[in-house]
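J.: Before I ask anything, let me first share the structure, which is written out below as structure tokens.
Laboratory data are not the source of any read-out in this text; all were calculated from the coordinates shown. Computed from a prediction, not measured in an experiment: that's the story for all the values here. Neighbour counts are summed over all protein chains in view; Cβ atoms, including those assigned to glycine, are modelled from backbone coordinates with ideal geometry.
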Amino acid sequence: MENKIANNAETTPPKISRRNFLGKLGIYSFLAYLGGSALATIRFMFPNVLYEPSTTFRAGSPDEYSIGSVSTRWMKEHRVWIVHSNKGIYALFGKCTHLGCTPNWFEAEKRFKCPCHGSNFDVQGNVIAGPAPKPLFRAQISLSDDGQILVDKGRLENNPDKREGKNFLLSV
Ligand code: FES
């Protein structure tokens, strides 16, 4: 008989009163709220920052670009052509001013052609055909202390008056 009572006591789950249950629910809810707040605060300490690559690069010595040439050497890596005209050296940014595709340089025709909608640009970057509304942009160009060409794609200009200024045309 005693065994039966003991077995019953082991198998019957302990009764929890409504007050007890609500009390525990309140405590756990509060702890969950505190935990969520703490996590949100910790997340706030690490803001979403995008680390973008530098906009500047060294493009070698001016001697490496012969007069009259359009160099595609930096196109793949930096999307820039280095052009050596009889006025000086400039860096043409390879982004079509229509919808942003990358034009190609056609040496035989001396023009840049956009594969997307057919815009054509002359060696200066001026529009000569197609829907592009503005000339190609030039990137800022200068000479570094060690005599190398320094191109900054963070500063662009396509105004025909300003792009011939010293920041966008390197006299060599
Ligand atoms: Fe170049 Fe449309 S993106 S012509």
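J.: So, in Å, what gap is there between the alpha-carbon centers of the stretch 134-163 and the stretch 29-43?
T.: What the calculation gives is 50 Å, centre to centre.
J.: Before rounding to the nearest 500, sum -39500 (n - 2.57) across all DSSP H runs of length at least 4 in the chain and divide by the residue total; then give [θ] at 222 nm in deg cm²/dmol. Intermediate values should be presented prior to the final figure.
T.: Working: 3 runs with 41 residues, N = 172.
Result for the chain: -7500 deg cm²/dmol, rounded to the nearest 500.
J.: Further question: Taking the Cα centre of the chain as origin and charging only Cβ (+1 Lys, Arg; -1 Asp, Glu), how large is the dipole, in debye to the nearest 20?
T.: Using Cβ point charges on Lys, Arg, Asp and Glu, the chain gives about 860 debye.
J.: Spin-label point model (7 Å from Cα, Cβ direction): what's the ALA40 to ASN104 distance in nm?
T.: 5.4
J.: Now for a different question. So for the stretch 59-161, averaging the separation of alpha carbon pairs under 8 Å that are six or more residues apart and normalising by length, what relative contact order in percent results?
T.: Values: 209 pairs, mean separation 21.1, N = 103.
Reported relative contact order: 20 percent.
J.: I'd like the distance separating the alpha-carbon centroids of the stretch 82-117 and the stretch 48-68, in whole Å.
T.: 16
J.: If you add up the charges near LEU25, with Lys and Arg at +1 and Asp and Glu at -1, over every other residue whose beta carbon is less than 13 angstrom from its beta carbon, what do you get? Could you put the intermediate results ahead of the total?
T.: Values: positive: ARG18, ARG19, LYS24; negative: none.
Charge balance near LEU25 sits at +3.
J.: Using a ≥ b ≥ c from the Cα gyration tensor of the stretch 59-134 (square roots of the eigenvalues), is it rounded, prolate or oblate, where a/c under 1.5 gives rounded and otherwise the larger of a/b and b/c decides, a/b for prolate? If you can, show how the numbers build up before the last one.
T.: Working: a/c = 2.21, a/b = 1.66, b/c = 1.33.
Here the stretch 59-134 falls in the prolate category.
J.: Still on this structure, please answer the following. For a test of the definition: using alpha carbon positions, the gyration tensor, and the 1.5 limit on a/c, classify the chain as rounded, prolate or oblate. Can you show the working numbers first?
T.: Values: a/c = 4.60, a/b = 3.65, b/c = 1.26.
Prolate.
J.: Taking only Cα atoms and a 10 Å spring cutoff, compute GNM fluctuations for the chain and point out the largest among PHE137, PHE30, PHE121.
T.: PHE30
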